[in-house]
Amino acid sequence: MGLTPDRLVARARSAASRAHAPYSGIRVGAVAEDAAGDLHIGVNVESSSYGLTICAERAALARAVADAAGDVVALGVARADGVPISPCGACRQLLVDLAPQARVAFVATHGATRVRTAADLLPDPFVLP
């Protein structure tokens, strides 16, 4: 099935170089892979009004929706500098909403690639009745 977790993370790290992070300096990239093997790239885009900042993971998922992608089956996340990072709470919620079965690959402590499902990352998500 598609890219390996390490290759997803490598693609995400490459995408991170295009992030717009003038305030934090933390450039993050994400790559959403759909069931057809197509890749949808996202980067973080910071705003001076921090609440308007877009995370790379949400940007990649939004790109997949805009591209009329099939099911997102995998998502890779990485910082440009290789420092460990995992999706924030808002990104975890959107993953559960849009790609609940996706495997999520990211760089964990000690530089190892970790893979979790959206449900693993957010075991008790918000859901509407």
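Assorted remarks:
- Taken over the stretch 110-129, residues that are in a loop (DSSP other than H, G, I, E, B) and modelled with pLDDT under 90 amount to 3.
- Residue in the stretch 120-128 that is in contact (Cβ under 8 Å) with a residue 60 or more places away in the chain and not hydrophobic (A, V, I, L, M, F, W, C) present: no
- The criterion of being under 20 Å from Gly111 (Cα atoms), surrounded by fewer than 19 Cβ atoms within 10 Å (Cβ to Cβ) and β-branched (Val, Ile, Thr) holds for Ile26.
- For the stretch 82-102, the criterion of a residue being among the basic types (Lys, Arg), in contact with a Leu (Cβ under 8 Å, 6 or more places away or on another chain) and part of a helix (DSSP H, G or I) is satisfied by at least one position.
- Selection count where residues are over 16 Å from Arg13 (Cα atoms) and β-branched (Val, Ile, Thr), scope the stretch 35-74: 5
- In the stretch 22-51, the residues that are within 30 Å of Val73 (Cβ to Cβ) reach residues that are hydroxyl-bearing (Ser, Thr, Tyr) with C-beta atoms within less than 6 angstrom, at least six apart or across chains, in these pairs: Glu46/Tyr23; Glu46/Thr53.
- Scanning the stretch 1-20 for residues being part of a loop (DSSP other than H, G, I, E, B), modelled with pLDDT of 95 or more and surrounded by fewer than 18 Cβ atoms within 10 Å (Cβ to Cβ) gives a total of 3.
- Residue check for Val65: among the β-branched types (Val, Ile, Thr), surrounded by 16 or more Cβ atoms within 10 Å (Cβ to Cβ), under 23 Å from Leu122 (Cβ atoms) and at pLDDT 95 or above: no
- Applying the condition of being under 9 Å from the mean Cα position of the chain (by Cα) and not in a strand (DSSP E or B) to the stretch 33-80 and asking which residue is nearest to Ala16 (Cα to Cα) yields Ala56.
The values are calculated or read from the model by the stated rules, or taken from the named source; none is laboratory data. All values derive from a computational prediction rather than experimental measurement. Here Cβ is always computed from backbone atoms with ideal geometry, including for glycine, and neighbour counts include all displayed protein chains.
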